[in-house]
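I am attaching a structure below and will ask some questions about it afterwards.
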């Protein structure tokens, strides 16, 4: 697998990250790092980093958009969002059960004190980044 990943990054993403409370900036930077690491590990040649709905968003050619955000109206949490009409979060719930906290079919939610289950989250990220290649597989090919 190739480790060279081209990141087409919109400078507004960095500006947006700086608007979050300091503690959440670190958490969101960590999620960004996991997305980029996972893309490299999956051999994805190119990823787009942009803002969608004002939120840092990541998209690969055969993937489904991953967004992440901290919201003022829920100040004690941050989340990684997935397309709610996809089978992504439904499959994550099926395979990982209560490893994560979920928001309906659209997000994995974390609090500041949560220890992020890194290997499981990277599997979720990998399935989102390759969604159109795996959406036909039972539970997207995830393994608990």
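Note the per residue figure in Å³ for the convex hull of the C-alpha positions in the stretch 102-144.
Convex hull volume per residue, Cα atoms: 87 Å³.
How large is the Kirkwood hydrodynamic radius of the chain, counting all unique pairs of alpha carbons, in Å?
Result for the chain stands at 15.2 Å.
Continuing with the same structure: Per 0.36 nm of contour for each residue apart, how much would the distance between residue 101 and residue 16 grow if the chain were fully extended, relative to their Cα-Cα spacing?
28.1 nm
Suppose the chain between residue 41 and residue 6 were pulled fully straight at 0.36 nm per residue; how much longer would it get relative to their current alpha carbon spacing?
11.3 nm
Okay, next question. Using only DSSP helix segments of four residues or longer, with each worth -39500 (n - 2.57), what per-residue ellipticity at 222 nm results for the chain after dividing by its residue count and rounding to 500?
-10500 deg cm²/dmol
Moving on. Which distance in nm do the two modelled labels at residue 116 and residue 85 give, with both placed 7 Å along the Cα-to-Cβ direction?
2.8
Provide the gained length on full extension for the span residue 74 to residue 30, in nm with one decimal, where the gain is 0.36 nm per separating residue minus the Cα-Cα distance.
13.9 nm
Pairs of Cα atoms under 8 Å, at least six residues apart: use those to get the relative contact order of the chain, whole percent.
23
None of the figures in this text is laboratory data; all of them are computed from the coordinates on show. No experiment lies behind these values; they were computed from the predicted model shown. Note: ideal-geometry Cβ built from the backbone for every residue, glycine included; neighbour counts use all protein chains shown.
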